[in-house]
Amino acid sequence: MGNAQSPSNNDPRYVSATRAFTQKELEDLRSLFNNLANQSQSNGKYIPPSVFQSYFGFHGPLGERMFDLVTQERKDQRLTFEDLVVAKATYEKGTKDEIEEFIFRLLDVSGDNFVGRSDLETVMIAIFNDILRIKGSDDRSSSHEDIVNIFLNAANFSKHDGGGTEGTMSFEDFRSWCTHLPSVRKLLGSLLLPPDSGRPGYQIPKLLTSKAIDSNIILLRKEYTWHIGGALSHQDLEDWNLLYHSSVNGLSFNTFLGNISNHAGPTVLIIKDKEGYIYGGYASQPWERHADFYGDLKCFLFQLNPVASIFRPTGANNNLQWCAINFSSEDIPNGIGFGGRVNHLGLFISANFDQGHTFSCTTFGSPCLSKTNRILPEVIECWGVTQDATQDKNDAVKGTILERFKEDRNMLKMVGLANSSE
């Protein structure tokens, strides 16, 4: 592959690639190329690796690997305009399979045609240190290496070739890894977008806490926040406010409900149990008293440590959120949770906040989130997601107050709650 030639204006690859862009997009690409090429000593003919990596904001093995792929692995250190068009047509405008194949090849930073654990480790270190730049941002007991490992622990290496002792990642392993780590998939799929374009996968919500709270007791690290945010829309990635923390407010269900009662938006529930496992769920609907499951398909479960994974609804059932308060029936266990079925939830914390359980469930396609099915919470915290106000304004003008009231009433009737307050 090192003998590949740079595509020319008449090269079928280039001609085909230009059809993926509008004339305006091609003009913008030409302008970008000219700007970067003029920063080199090539009389504007090509872009060298240093200029390419500085502009797109990633260096080291990941930056070198991307440059190799964009230049068809010619190893001549020269990126032409035609190279740029062909690469972006595949990486950004291609089919799902073409884009994912490109990203899969990108992960092979060692260039040996295999994707192993060491390749993924190099990529994740580059993401945290060079791209997101959150290296050393938190003074916590877990090292940066430990944080990288939780993302690697979500990967399978089922492929065995030659005499190697360690398995490598198959393309299906890669796809599964991306499914459980949407933040990684978003970021790796946007590396060639302009740095000032709000690239997907780059935004980390700002965590807001009281100044009186010791930051060392907070479970939600920036890396965890980025991981959870990969499953959310852009409007949910602004500010996250700490609403409840058991080390500050006590392990109390009533206090929890009181603290979150004034927050109308989604919440992120995080639990650390006495086995040291950290996991939780994203609740798209308020925590309100119900005698049955409720919620919508925006809910999901997640793991944070010792493995990072996201589990979104499969569509198998609508058993999404659970919030039972002061019921006397054993068929309606008091507490909060997600997924599964009654007394066998994907995640459940009892109303005493002193115990709970986690089982594999078809609602989210999730496994048991902890070491054992029975869990003993050590720390519980809940964050309120502050959604982008501009989206709220757009929603506010979609209809009159009466029309929106009718829509709300119809929705309440569908779930049997229309007369609950009358």
Q) What ratio of Cα Rg to 2.2 N^0.38 Å holds for the stretch 169-257? A) 1.38
Q: Would you work out which of F128, V86, V70 lies farthest towards the positive end of the dipole of the stretch 12-189, given +1 charges on the beta-carbon of Lys and Arg and -1 on that of Asp and Glu, about the Cα centre?
A: V86
**Q.** Label-point separation, A316 to R289 (7 Å along Cα→Cβ), nm
**A.** 3.2 nm
Q.
In Å², and per residue, what accessible area does the stretch 195-248 have when probed at 1.4 Å with the other protein chains present?
A. 45 Å²
**Q.** the stretch 206-386: relative contact order as a whole-number percent, Cα under 8 Å and 6+ apart
**A.** 25 percent
Q | When each of K222/K298; K96/K298; K96/K272 is checked by Cα-Cα distance, pairs over 32 Å | A | K96/K272
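With an 8 Å cut-off on Cα pairs and a minimum separation of 6 or more residues, tell me the relative contact order of the stretch 180-247 in percent.
Working: 63 pairs, mean separation 28.6, N = 68.
Over the stretch 180-247, the number comes to 42 percent.
Treating the beta-carbon of each Lys and Arg as +1 and of each Asp and Glu as -1, no other charges, what is the dipole magnitude of the chain about its Cα centre, to the nearest 20 debye? Walk me through the numbers on the way to the answer.
Values: 40 positive and 51 negative charges, 96 e Å.
I would put it at about 460 debye.
Can you give the extra length, in nm with one decimal, that the chain gains between D354 and N9 once fully stretched, where that is 0.36 nm per residue apart less the Cα-Cα distance? Display every interim value, and only then the final one.
On the way: separation 345, 0.36 × 345 = 124.20 nm, distance 6.83 nm.
Residue separation times 0.36 nm, minus the Cα-Cα distance, leaves 117.4 nm.
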Q: Evaluate the Kirkwood expression for the hydrodynamic radius of the chain, namely the inverse of the mean inverse distance over all pairs of different C-alpha atoms, and round to one decimal in Å.
A: 23.9 Å
Q: Lys and Arg at +1, Asp and Glu at -1: add these up for the other residues within a Cβ distance under 15 Å of P182 and post the number.
A: +4
Q. For the cross-link pairs K88/K186; K93/K186; K206/K274; K24/K88; K24/K45, which exceed 19 Å when the distance is taken from alpha carbon to alpha carbon?
A. K206/K274; K24/K45
Q | Theoretical gain in end-to-end length, N326 to R19 [0.36 nm per residue, Cα-Cα removed] | A | 104.3 nm
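How high is the relative contact order of the stretch 52-117, in percent, counting Cα pairs under 8 Å that sit 6 or more residues apart? Write out the running numbers ahead of the final one.
Details: 47 pairs, mean separation 18.7, N = 66.
Answer for the stretch 52-117 is 28 percent.
Please work out whether the stretch 242-362 counts as rounded, prolate or oblate from its C-alpha gyration tensor, where a ≥ b ≥ c are the square roots of the eigenvalues and a/c under 1.5 means rounded, while otherwise a/b larger than b/c means prolate and anything else oblate? Intermediate results must be reported in sequence, preceding the final value.
Details: a/c = 1.28, a/b = 1.06, b/c = 1.21.
Taking the square roots of the gyration eigenvalues as a ≥ b ≥ c, the stretch 242-362 is rounded.
The stretch 167-211: D in µm²/s via Stokes-Einstein (Kirkwood Rh, Cα pairs, 25 °C, 0.890 mPa s)?
Working: Rh = 12.7 Å.
Result for D is 194 µm²/s.
The values are calculated or read from the model by the stated rules, or taken from the named source; none is laboratory data. All values derive from a computational prediction rather than experimental measurement. Neighbour counts run over all protein chains shown; Cβ positions are idealised from the backbone, glycine included. Just so you know, the surface numbers come from the protein's heavy atoms only, side chains and all, with ligands and any DNA or RNA stripped out. Shrake-Rupley method; radii C 1.70, N 1.55, O 1.52, S 1.80 Å.
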